[in-house]
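Inspection log for the structure reproduced underneath, given as structure tokens.
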Amino acid sequence: MSEFLLEIMTEELPASHVRTGLEQLKTALGAELSAAGLLEGQEVKVMGTCRRLVVLADIAPGQKDRQERVIGPPKAAAFKPDGTPTPAGLGFAKARGVEISQLEVYATERGEYVGFFKTEPGQPAEAILPNILVRVITGLSFPKMMRWAENPFRFSRPIKNLLGLVAGRPLDFEVAGLRSSDFTFGHKIFHPDFKIRPQSFEDYRNSLEGALVVVDHEARRQMIQAEIQRLLESLGAQLHPEPDLLEKLTFDIEHPHVFLGSFHPDFLRLPLEVLSTALREGQHLFSVIKAGGQQALFVGVADARGDAKGLIRQGNERVLKARLKDADFFWQQDLKASLAERAKGLERVVFQEKLGSYQDKAQRLKKLAVYLCDRLDASEQKKEALLAAELCKADLLTDMVREFASLQGRMGGLLAREQGLAAAAGQAIYEHYRPVGLEDESPASTLGALLSLGDKVDSIMGVLGLGIQTSGSSDPFGLRRNAHGVCKVILDKKFDFSFGRLLDKTLEIYGQKLERPAAEVKAAALEFFAGRLRYIYERQGFRYDLIKAALGPGLDNIHHSFLRLKALSALRSSPQFEPFILMAKRVNNILRDQPAGRVNYALFSEKEEKELWSVFGIVKENATPMMAKGDYAQAQKMVFRLQPALNTFFDKVLVMAEEKRLRQNRLGLLQAISRLLSRIADYGQVVVEGEKAQ
């Protein structure tokens, strides 16, 4: 195997762009190298810094020779009955540069044809890689892209240097007018002109480390974490968890220097949420906690070799002092007005031009909160739910949220606590924006969860009701994020209720404000949520066909869609599963394009159809309550009992009988069975080996 190394050196990339670029490089280069026959099952590794996107892979030195069959004219046209070649056969051989004796006869789907095998020599990796690299690099995309100089090429930031090596030999390729080189550079500040001409990845990595660049982001992350632990261990303290900040800092630097700073203890009167946000968003600093409480300390990470004179620490402390003074001022000012007083000003804050103000939204949320309380066993908390719904958006008018938008909801909850509001209402206000992503936690309380559902569903239905759609990367109203939040809350909290009726209630509350017909909006919403659920389930590792099958019965109960999927996934290893799937598909195929029918027991003339009807009745009676309580694994095992009777039915009974009444009655029997099965899953979506072999 030959070692392949690629480095794309740029001006400083945003941390999110580094991650995006590395993910695309791993996928695209992996696919290209595999298609070229160079990867041979090996893994493409990626690593990067704010100035480098790096790829490493063990690849074949070149392609293997390939045997290709060349088919010519039919045998009858190439040779006479006595075996002598015809002009067509001679012409084909001459045109292809082979002797007529090299032609062989091959049986194809169209009959017997003549042809021959030729050997296509494989190309060396050095000859193949330049074109692959140009395609992959020019195909990278980022949330925001730019052009530089007069070149129409677009990238996240200007590319400064390209390095490509195979087995230590430099590759020759060009991207956007920049020709690849056999060197790279050290740290931009400390070794800006230090050229490194590596002969291998180990040489590349070690030479860069000598020039204050740790190229592997996982190594940098571990360095940061180890140094933080060393600094805090003697204090008995820990970092306030900030995984996103750690990720950002890991990609923002090339050589980490971790430092510990402090601020005046007077600022500890601020809530931890406010302090940690001011540190994180203002200066990318970590809060330090001990026994769950904020300490007058912070941890920072700089792109530096060290800070012998403490200048980096002192500079951060000086700037942080001003930021914390601002935060303290905002907190004191915001305490002067109650949430109820602030909520009166929501009528001046526009939610969406055609959907009204945040005051209007709060009124809709109150109705949705009452509705959800009745359906989620929270009727005794209606008073707190109404209070939370009325006040949950009031913190939009605080100085703190104007400065730190990420404190929305949490700031309201903190003020509710300070003002002595009901604890359940305050917690619901605090939690109602959660989850903000699939990695975020759902609200811990039932009231917080139902308020989160109402808020997000209200936003989605309102925007869809105006005809605004998401497309590609465009989602200005955060519909995908909100839909993920709705699905996650329902799945995490195992809420068992009619989602379709919640959408109906939301549309009813909106009334005439929406521009599209209610039925059209609901259909669009269900399709949209189905797409988000497919995405969530795929991330969880479920098979795509089982996901489609589990979503087949619809989304009236999102929690049940997961229970159906889990049951399908668990039972697919059962020896009964695949034969039953094939049987269910046979039923579906027979019923395709058939009119609806009803069963008349008196018309059953064969013993086998009477037995099938009897077994079906028993299975339905037992499976229905199982499905009602979400036990789809047992319900599916129950319907497996239909298979022997169905097998016998199909063996002994002619479904499509000539007599119309018999035919319609037998179709009605199969339709009744199909309706029962469709409540568990759309089995027609499941792919099985037995089906492929047919």
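A few remarks follow.
- Placing a label point 7 Å from the Cα of GLN634 along the Cα-to-Cβ direction, the residues of region 661-683 whose backbone N falls under 17 Å of that point are 680.
- For region 39-161, the Kirkwood radius over C-alpha pairs fed into Stokes-Einstein at 10 °C and 1.306 mPa s yields D = 82 µm² per second.
- Theoretical gain in end-to-end length, PHE477 to GLN332 [0.36 nm per residue, Cα-Cα removed]: 49.0 nm
- Debye equation applied to the C-alpha atoms of region 189-280, log10 I(q)/I(0) at 0.15, 0.21 Å⁻¹: -0.74, -1.12
- Under 12 Å of direct C-alpha separation, and excluding same-chain neighbours fewer than eight residues apart, LYS321 reaches these aspartates and glutamates: ASP266.
- Extreme residue, positive dipole direction of the chain, given options ALA31, VAL215, PHE649 (C-beta unit charges): PHE649
- Short-range pairs are left out: with C-alpha atoms under 8 Å and at least six residues apart, the relative contact order of region 555-694 is 39 percent.
- Extension gain, ALA167 to ASP593: 0.36 nm times the residue separation minus the Cα-Cα distance gives 147.1 nm.
- For ARG348 and GLU578, the difference between the fully extended length at 0.36 nm per residue and the C-alpha to C-alpha distance is 76.8 nm.
- Net charge dipole size for region 156-268 [Lys, Arg +1 and Asp, Glu -1 on Cβ; Debye, nearest 20]: 400
- Charge dipole of the chain about the Cα centre (unit charges at C-beta), most positive-ward option of PRO256, ILE132, VAL70: VAL70
- For region 1-159, the relative contact order works out to 26 percent when only alpha carbon pairs closer than 8 Å and six or more residues apart are counted.
- Annotation: lysines with alpha-carbon distance below 20 angstrom to LYS195 (same-chain offsets under eight excluded): LYS160.
- About the centre of its Cα atoms, region 388-471 shows a dipole size close to 100 debye [charges on the beta carbon of Lys, Arg (+1) and Asp, Glu (-1) only; nearest 20 debye].
- Selection from LEU414, GLY345, MET400, by position along the positive dipole direction of the chain (Cβ): GLY345
- Dimensions (Å) - region 1-107, Cα atoms, principal axes, largest first: 75, 25, 22
- Take 293-300, 599-606, 28-35, 103-110 and order them by the average number of nearby Cβ atoms within 10 Å per residue, most first; the result is 293-300, 28-35, 599-606, 103-110.
- Residues of region 127-166 with an amide N closer than 11 Å to a point placed 7 Å from the Cα of SER16 along the Cα-to-Cβ direction: 143-144.
- Expressed in units of 2.2 N^0.38 Å, where N is the residue count, the Cα radius of gyration of the chain is 1.27.
- Dipole magnitude (debye, nearest 20) for the chain, charges at Cβ of Lys, Arg, Asp, Glu: 1540
- Mean separation of Cα pairs under 8 Å and 6 or more residues apart, divided by the residue count, gives the chain a relative contact order of 7 percent.
- Protection proxy ranking for 532-545, 240-253, 452-465, 272-285, using the average of other Cβ atoms within 10 Å per residue and placing the highest first: 452-465, 272-285, 240-253, 532-545.
- The helix-only estimate of mean residue ellipticity at 222 nm for the chain, built from DSSP H runs of length n ≥ 4 each weighted as -39500 (n - 2.57), is -16000 deg cm²/dmol after division by the residue total.
- Each residue, ALA219 and GLN512, gets one label point 7 Å from its Cα in the Cβ direction; the gap between the two is 6.9 nm.
- Partners for LYS548 among lysines (Cα-Cα distance below 22 Å; same-chain residues under 8 apart left out): LYS488, LYS494, LYS522, LYS566, LYS585, LYS629, LYS637, LYS692
- Efficiency of FRET from Cβ geometry, VAL687 and SER379, R₀ 41 Å, rounded to 0.05: 0.35
Here, each number is a calculation from the coordinates, and none is a lab measurement. Please read all numbers here as calculations on a predicted model, not as lab measurements. Every residue, glycine among them, receives a Cβ derived from its backbone with ideal geometry; neighbour counts consider all protein chains shown.
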